[in-house]
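The values are calculated or read from the model by the stated rules, or taken from the named source; none is laboratory data. Since we're looking at a predicted model, the values are computed, not measured. Please note: Cβ atoms are built from the backbone with ideal geometry, for glycine as well, and neighbour counts cover all protein chains shown.
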Amino acid sequence: MNFLKDRGLKKYTVIANDQIAPGVYLLKYNRDFSFVPGQVVAIALHSSDNPRMYSIASGMQDEHIRILYDVRPKGELTPPLSQAKPGDTIFASGPSGNFFGTAGPSTWIASGTGIAPFISMWRSGLRKDKILIHGGRFLHSFYFENEFKNELGDNFVRCCSQEKAEGIYHGRLTKWLLEQENLPPDRKYYLCGSAEMVVDTRDILIEKNIPYENILAEIYF
Ligand SMILES: Cc1cc2nc3c(=O)[nH]c(=O)nc-3n(C[C@H](O)[C@H](O)[C@H](O)COP(=O)(O)OP(=O)(O)OC[C@H]3O[C@@H](n4cnc5c(N)ncnc54)[C@H](O)[C@@H]3O)c2cc1C
């Protein structure tokens, strides 16, 4: 029995694995497949390990697969993964999932590394009529903010719960959403991040008359 084949994992080579903010890394590895923005891959360091899921943070045309991840100090994968060096081998699956970005009007709502699928959608050219709400604990939590800032302007809202700065909303993104009086119901709302954020946000959106079918969610558990 081909164990690796059965688990759908293949060997890939690490191209880079850089710390881009305290405890947050951007892993790049070679690419041999196409994907739809919003899809995920499973990653493991050894073929016998239980893989973990990660959103692809690359654009469809990018040369490499990029993964944005934060280190969970007691986690099984992310502490050793953060030590991976260029040239090392990792094991990864092909793309899966159906949290697909679309060309139509959309509000993207992310907490922490939950920004990853929206980086993929944005870099893949899904830019028209988009609003991005990103929640983070610190000012350094708005990964890749420069890629969004100029083009999105006021349609890019950063909500920082633990630090203050001009132009950044102070508080959780759920608090910002609660303060909005007229959230348009006729667009898609994409939610990505922790279970707590996704559940709380979904409840707020429904309370604010966003039709359930316009709410799509990806939970990082
Ligand atoms: C569809 C999907 C997409 C995802 N995409 C991303 C992504 O793009 N980026 C990203 O960063 N994450 C993503 N995740 C989460 C990711 O899959 C992992 O769950 C995460 O990286 C933690 O993996 P780990 O092996 O380091 O931690 P795990 O070993 O799985 O541990 C999970 C949590 O339990 C805690 N824990 C474990 N053991 C103990 C213990 N003995 N005592 C106390 N606490 C403990 C850890 O600190 C950690 O917080 C995604 C998840 C899903 C389901």
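Listed values, structure above:
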quantity: Residue among Ser58, Ser48 that alone is more than 10 Å from the ligand (Cβ to nearest atom) and exposed (fewer than 14 other Cβ atoms within 10 Å of the Cβ); calculated: Ser48
quantity: Subset of the range 68-84 (residues that are crowded, with 16+ Cβ neighbours inside 10 Å, near the ligand (Cβ under 6 Å from one of its atoms) and either closer than 10 Å to Tyr25 by Cα or more than 19 Å from the chain's Cα centre (by Cα) (or both)); calculated: Leu68, Tyr69, Asp70, Thr78
quantity: Sole residue being within 30 Å of Met60 (Cα to Cα) and within 16 Å of the ligand (Cβ to nearest atom), chosen from Glu145, Glu151, Glu218; calculated: Glu218
quantity: Selected residue (only one of Tyr25, Tyr54 is farther than 30 Å from Glu213 by Cβ and in contact (Cβ under 8 Å) with a residue 24 or more places away in the chain); calculated: Tyr25
quantity: Filter result for the condition that a residue is modelled with pLDDT of 95 or more and within 8 Å of the ligand (Cβ to nearest atom), over Gly112, Gly104; calculated: Gly112
quantity: Unmet requirement for Phe99, which otherwise passes all of (1) within 11 Å of the ligand (Cβ to nearest atom); (2) part of a loop (DSSP other than H, G, I, E, B); (3) assigned by TED's automatic domain parsing to the domain that holds Val24; calculated: (3)
quantity: Unique residue being surrounded by fewer than 23 Cβ atoms within 10 Å (Cβ to Cβ), of a type in the set (Ser, Thr, Tyr), away from the ligand (no atom under 15 Å from the Cβ) and in the same structural domain as Phe144 (by TED's automatic domain parsing) when the list is Ser34, Ser124; calculated: Ser124
quantity: Residue match in the range 193-212 (condition: surrounded by 12 or more Cβ atoms within 10 Å (Cβ to Cβ), basic (Lys, Arg) and in contact with a Leu (Cβ under 8 Å, 6 or more places away or on another chain)); calculated: yes
quantity: Check on Gly125, out of contact with any strand residue (DSSP E or B) (no Cβ under 7 Å at 6 or more places or on another chain) and touching a residue at least 12 places away in the same chain (Cβ under 8 Å); calculated: yes
quantity: Near pairs, Cβ below 6 angstrom, 6+ apart or cross-chain, from the range 57-70 (at pLDDT 95 or above) to any residue that is away from the ligand (no atom under 11 Å from the Cβ) and of a type in the set (Phe, Trp, Tyr); calculated: Ile65/Tyr29
quantity: Among (1) under 18 Å from Thr113 (Cβ atoms); (2) part of a strand (DSSP E or B); (3) touching a helix residue (DSSP H, G or I) at 6+ places or on another chain (Cβ under 9 Å) - the single one Phe91 does not satisfy; calculated: (1)
quantity: Of all residues making up the range 171-186, the number that are in a helix (DSSP H, G or I) and surrounded by 11 or more Cβ atoms within 10 Å (Cβ to Cβ); calculated: 6
quantity: Search result, residues across the range 148-170 that are exposed (fewer than 15 other Cβ atoms within 10 Å of the Cβ) and either touching a residue at least 12 places away in the same chain (Cβ under 8 Å) or more than 25 Å from Lys208 (Cβ to Cβ) (or both); calculated: Lys149, Asn150, Glu151, Asn155, Gln162, Glu163, Lys164, Ala165, Glu166
